[in-house]
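Have a look at the structure below, then the notes.
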Amino acid sequence: MDHFFDVFKRQTLSNSERESIKTRIRLFMAAHPPRIPWYIRFADGTLSTMHAADSRKLFGLPVQSLAFAFALVLCIGVGTTYASEAALPGDVLYPVKIHVRERVQGALAVGVENKVQWSATLTTRRLEEAESLAAQGRLTPAVSAEIESQINTSAENFNEHVAALAKNPGNDALVANAQSNLEASLNAHENVLMVLADQSSSTEIAIASVLSNVRVHKMRTKDARTKAEAVLTAQDSQRVENVARQKKQIAEGKVQAIRVAAEKSAKKLETDATGDTAARTAVVVETIATTTASTGVHEVTDAERDLRQADEKMNAGDYGKAFEIYQAAIRAADVTRLELDATARLRSEMEND
């Protein structure tokens, strides 16, 4: 029994799971906006500006480049940085989001593993922003080029941090997990962007450019993940067996959870079709919802098939192959969950607009 609990004590949330939780929190916050008294906002903003004025640079950036951001902070308070969380390229608060809020969050990512996760998070955020702009018909070639540049930077940082993580042989499982999680995220957002490209003729060229960038990074991540898994599975059989058994428990839990979520999403779509949700929400988002609902159950079925194949390998003593297939099942479940999250996020944004 103690061994059973020890396994769960060693488990941590993946980057995609953290982002899923944050997405749900953002959706709740969007539906329940805070109301902060004006005098508190003004006091907070005044103090922040006074502290900022003591240095010519803030977070490595020239003060003049953030002058407008601090002017906003003076007027509406430190809460501005929190409000900037949902800002998109072209929005007034977007510079606050990427030059202030994200700089602070990145500085707080202490340790190589946390830096790996933060780099992957930035990649995911940029893709979410591209999807939101595309769904609203606001994604231009210029904006897509800027998003691609930021994705390239975060991907480069991710690779550097993963390389540092890999210097310790005991981190082999962490390296394989990080590559697998990012691959799943890129795969899911590629699928969403493909649907948006089919439905948004006005932004098709801009989306195609982002898609091309995503596919390049996805293939590189896939190659790196394959190599990381090969390093891990080439080790002592007992070590590989232990890691494979841990993956088995994680995969079973994720596949079961996503099966319930996918079926619930499909039922909700049927209910909405008979109500007024489709009438209130842009057609492009409903198309994404329909596509996700129709493919989600199939993807879960594929994940369940992977589980059965992995169990067969495990029973046959081929622990290395079992580990790889369990990883594939986890990626399939993560892809479906991220697609469902994207649908919920885009629908919420459209309805709020």
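Right, Lys248: in the same structural domain as Gln136 (by TED's automatic domain parsing), assigned to a helix (DSSP H, G or I) and basic (Lys, Arg) or not? It would help to see each step written out before you state the result.
Working: in the same structural domain as Gln136 (by TED's automatic domain parsing): no; assigned to a helix (DSSP H, G or I): yes; basic (Lys, Arg): yes.
No.
In the list Ser212, Ser180, Ser185, Ser202, which residue meets the criterion of being of a type outside the set (A, V, I, L, M), in a helix (DSSP H, G or I), at pLDDT 95 or above and farther than 22 Å from Glu113 by Cβ? Spell out how you get there, then give the answer.
On the way: Ser180 fails: farther than 22 Å from Glu113 by Cβ; Ser185 fails: farther than 22 Å from Glu113 by Cβ; Ser202 fails: at pLDDT 95 or above.
So the residue among Ser212, Ser180, Ser185, Ser202 that is of a type outside the set (A, V, I, L, M), in a helix (DSSP H, G or I), at pLDDT 95 or above and farther than 22 Å from Glu113 by Cβ is Ser212.
Can you pull out every residue in region 333-351 that is closer than 12 Å to Ser185 by Cβ and of a type in the set (Val, Ile, Thr)?
Applying the first criterion (closer than 12 Å to Ser185 by Cβ) to region 333-351 yields 334-335, 337-339, 341-342.
Val335 - this is the single residue of region 333-351 that is closer than 12 Å to Ser185 by Cβ and of a type in the set (Val, Ile, Thr).
Could you tell me which of the residues Ser65, Ser132, Ser84 is at pLDDT below 95, part of a helix (DSSP H, G or I), at negative phi and in contact with an Asp or Glu (Cβ under 7 Å, 6 or more places away or on another chain)?
Details: Ser65 fails: in contact with an Asp or Glu (Cβ under 7 Å, 6 or more places away or on another chain); Ser84 fails: in contact with an Asp or Glu (Cβ under 7 Å, 6 or more places away or on another chain).
Among Ser65, Ser132, Ser84, only Ser132 is at pLDDT below 95, part of a helix (DSSP H, G or I), at negative phi and in contact with an Asp or Glu (Cβ under 7 Å, 6 or more places away or on another chain).
Quick one: Glu131 ticks every box in (1) without any contact (Cβ under 8 Å) to a residue 40 or more places away in the chain; (2) touching a Leu at 6+ places or on another chain (Cβ under 8 Å); (3) among the acidic types (Asp, Glu) bar one, so which box is it?
Every condition holds for Glu131 apart from (1).
Conditions (1) more than 15 Å from the chain's Cα centre (by Cα); (2) surrounded by fewer than 19 Cβ atoms within 10 Å (Cβ to Cβ); (3) assigned by TED's automatic domain parsing to the domain that holds Asn171; (4) not polar (S, T, N, Q), marked per residue:
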| site | (1), (2), (3), (4) |
| --- | --- |
| Ser84 | yes, no, no, no |
| Asp91 | yes, yes, no, yes |
| Val96 | yes, no, no, yes |
| Arg101 | yes, no, no, yes |
| Thr123 | no, no, yes, no |
| Ser132 | no, no, yes, no |
| Arg138 | yes, yes, yes, yes |
| Asn152 | yes, yes, yes, no |
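Have a look at Ala224, Ala178, Ala208, Ala197 and point out the one that is crowded, with 23+ Cβ neighbours inside 10 Å, more than 14 Å from Asn152 (Cα to Cα) and either hydrophobic (A, V, I, L, M, F, W, C) or out of contact with any Lys or Arg (no Cβ under 9 Å at 6 or more places or on another chain) (or both).
Working: Ala224 fails: crowded, with 23+ Cβ neighbours inside 10 Å; Ala208 fails: crowded, with 23+ Cβ neighbours inside 10 Å; Ala197 fails: crowded, with 23+ Cβ neighbours inside 10 Å.
Only one candidate qualifies: Ala178.
The values are calculated or read from the model by the stated rules, or taken from the named source; none is laboratory data. Everything numeric in this text was worked out from a predicted model, so none of it was measured. Because the Cβ atoms are built from the backbone with ideal geometry, glycine has one as well, and the counts that use them run over all protein chains shown.
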